[in-house]
Amino acid sequence: MEEFLSLDKVNKKYPSFSLNDVSFAIKPGEIMGFIGRNGAGKTTTLKSIMNLIHYDSGTIYAFGKEMKANELESKQRIGFALSEINYYPNRTIRQLMNVTKRFYKNFDEKKFHEVCKLFNLDIDKKIEELSSGMKVKYSVAIALSHKAELLILDEPTSGLDPVSRDEVLDIFREIVRNGDRAILFSTHITSDLDKCASNITYIHNGSILYTGTKKDFINSYLFVKDKTKDKELLNEYIAYKELDDRIEGLIDINKKDIFNKKGIEIKEPDLEDIMVYLERSKNHESFTL
């Protein structure tokens, strides 16, 4: 199966930050959550993919072809949106659509109107009048109307209320249902990924810590609550917290037997547990009050 997108050892150096050999790939039918702390490199990576910033080395392929050499062709097949629509706030959706459609040879205006109706988008509303959820839906409507096969979205659910977030995630699942489209979206809201992502790429300080299926990522770890507060086990944790009545933390799945003792509860972690404790292990912070 042809990969829609693949990055091979992409590097970008800034004075205070760098992307380091960033590599991952996404195939048709997949929803990939691109996760990491704020400032970890998610937006820099997405902008590199779209050639909005010039990366220093490495290669990015879109639909089997080198992206830079086939940029115009590739972008006809990609729907891209940053976290907020900040341009032309006084223009209506209809006015922006009339400008945007000139850039896409396959733009279907009828389809755009159908999707807007489905999303309950009033196309005569100004951009500044749209809620955050409506702005995401507008971006998706544009992508679907020029028959984009790959959607690349930066923090699309940030700032949405729970109902709007759930609606957007339902839309994502529907988009990939037939297996002929894929979505890559960055987020720090791990509950969104629990609901819709098939794959995870996890970036930390500009380096990829994991890329693969969500299931394999979750199954690599266990969450422990130790009410015995066994100090001899502390070195076996990836990271832990000492609370008043227990010690809790994340362990590697291969250390399950070490913690199989009375008074210790072991369970499958969720994505938030994993991300919090992995970040805690990488960025241990001490506070003096």
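Annotations for the structure displayed:
- Only residues that are in a strand (DSSP E or B) and more than 21 Å from Thr213 (Cα to Cα) were counted across the stretch 16-52, and they come to 3.
- Output for the stretch 74-91, where each listed residue is at pLDDT 90 or above and among the charged types (D, E, K, R): Lys75, Arg77, Arg91
- For the stretch 150-168, the criterion of being polar (S, T, N, Q) and buried (at least 18 other Cβ atoms within 10 Å of the Cβ) is satisfied by at least one residue.
- Restricting Asn106, Asn120, Asn90 to those that are over 27 Å from Ala25 (Cα atoms), in a loop (DSSP other than H, G, I, E, B) and out of contact with any strand residue (DSSP E or B) (no Cβ under 7 Å at 6 or more places or on another chain) reduces the list to Asn120.
- Contact annotation: residue pairs with Cβ atoms under 6 Å, 6 or more positions apart or on different chains, pairing a residue in the stretch 29-45 that is buried (at least 21 other Cβ atoms within 10 Å of the Cβ) with a partner that is of a type in the set (D, E, K, R), are Phe34/Lys42; Gly36/Lys42.
- One residue stands out among those in the stretch 146-190 that are hydroxyl-bearing (Ser, Thr, Tyr) and touching a strand residue (DSSP E or B) at 6+ places or on another chain (Cβ under 9 Å): the one that is modelled with the lowest pLDDT, which is Ser158.
- Extreme residue, nearest to the chain's Cα centre (by Cα), among residues of the stretch 224-237 that are surrounded by fewer than 18 Cβ atoms within 10 Å (Cβ to Cβ) and under 12 Å from Gly263 (Cα atoms): Lys225
- Test: residue in the stretch 238-251 that is surrounded by fewer than 21 Cβ atoms within 10 Å (Cβ to Cβ) and assigned to a helix (DSSP H, G or I): no
- Test result for Ser139, under 30 Å from Phe63 (Cα atoms) and either among the aliphatic types (A, V, I, L, M) or touching a residue at least 24 places away in the same chain (Cβ under 8 Å) (or both): yes
- Within the stretch 265-281, the only residue that satisfies the criterion of being buried (at least 18 other Cβ atoms within 10 Å of the Cβ) and within 18 Å of Lys229 (Cβ to Cβ) is Tyr277.
The values are calculated or read from the model by the stated rules, or taken from the named source; none is laboratory data. Quick caveat, the model's predicted, so the values are computed rather than measured. Reconstructed Cβ throughout: ideal geometry from the backbone, glycine too, with neighbour counts over all protein chains shown.
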